[in-house]
Structure formats: structure tokens, C-alpha cells
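Following: one structure in C-alpha cells, then a few remarks.
The values are calculated or read from the model by the stated rules, or taken from the named source; none is laboratory data. Values in this document were obtained by computation on a predicted structure and should not be read as measured data. As a convention, Cβ positions derive from the backbone with ideal geometry for all residues, glycine included, and neighbour counts pool all protein chains shown. Areas reflect the complete protein model, heavy atoms only, side chains present, ligands, DNA and RNA absent. Shrake-Rupley method; radii C 1.70, N 1.55, O 1.52, S 1.80 Å.
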Amino acid sequence: MKKARIHVITLAVADLERALAFYRALGLQSAGVTATEFAGDDTHPAGAIVMFHLDGGQILALYPRSELAKDAGIALGPARSGEFSLGHVVETRQEVDELLAKAEAAGALVTELHDRPWGIYSGYFRDPDGHLWEIIHNS
């Protein structure tokens, strides 16, 4: 049996171009908005999507909220976040500070940094769509 692995994380966003600019400001590379030639309708999702290819073969995708709801066959509801976070582990405390500063400069809401007694130094930010990220250094 193969080990479980997450290959794609798709974040629902209100504005693809705004989200693309934000994640590029953090240093992620992408070809930009692709698959724009696939138009959707009231029940079928459009194809426009942004993808960032990450280490380990994972993909971080950005997809319009309305289109993700159509694709998944669920009702489009109000945006909700804060019930989970995405963690990005870095090698140094300085990298935590630098990445959080980049996020703040790009428009993210950044929380206070934490130095936990079990050896983790981290801080959180919310992207423009409210998705919660934790930047972590484990000493």
C-alpha cells in the first residue's frame, strides 16, 4: 500500500489576478492564469486557474470560488477561513521574519510571532482571501 500524500491544494479565491500577484510577491513562481479558453456557464465551471509547482511535486492552485463550487457540485456559500491553516516550514528564524514581512508588504494581515517552549518559532498571516498560513521554524 502506498503512503498517503497530498498532491494538490486548491485555494478558492475572489480574484485570480489579485491572488496571483500576492503569491508572486511571496516568491512563488507561476506561468500566471491559464486555461482561460475554457468558458463556463451557470452549471459548468470555467477553466481559468493559477498553479504554483512546489518542491516534492505538490501543486498549490488558485481557483475562483464560484468555479470551485460548480466543479465540486456544492452550493456557493460565504467565504470562511480560520478553521485550518497551511504550514510552511523554513530553515531559520530569520526566514520566518522575512517571509512574514513579505506577506505583510503584499497586503496580508500578520499576527504576532510566537516563540513556543517546545521549540517552534512561528507566525501566521491571512492572504487576501482570508486563507490562514503559518510560517514555522522548528529549532
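Among all residues of the range 120-137, there is none that is polar (S, T, N, Q), surrounded by fewer than 12 Cβ atoms within 10 Å (Cβ to Cβ) and either at negative phi or not assigned by the TED database to the domain that holds residue 51 (or both). Scan the range 103-134 residue by residue and report those that are farther than 21 Å from residue 18 by Cα and of a type outside the set (Lys, Arg). Residues satisfying the conditions are 111, 112, 113, 114, 115, 117, 118, 119, 120, 121, 122, 123. Number of residues in the range 74-123 that are without any contact (Cβ under 8 Å) to a residue 40 or more places away in the chain, among the small types (Gly, Ala, Ser) and not in a helix (DSSP H, G or I): the value is 5.
Give 67, 98, 91 a once-over and let me know the one that is open to solvent by 60 Å² or more (accessible area, probe 1.4 Å), over 17 Å from residue 125 (Cα atoms) and of a type outside the set (Gly, Ala, Ser).
On the way: 67 fails: open to solvent by 60 Å² or more (accessible area, probe 1.4 Å); 98 fails: over 17 Å from residue 125 (Cα atoms).
91 is the lone residue from the list that is open to solvent by 60 Å² or more (accessible area, probe 1.4 Å), over 17 Å from residue 125 (Cα atoms) and of a type outside the set (Gly, Ala, Ser).
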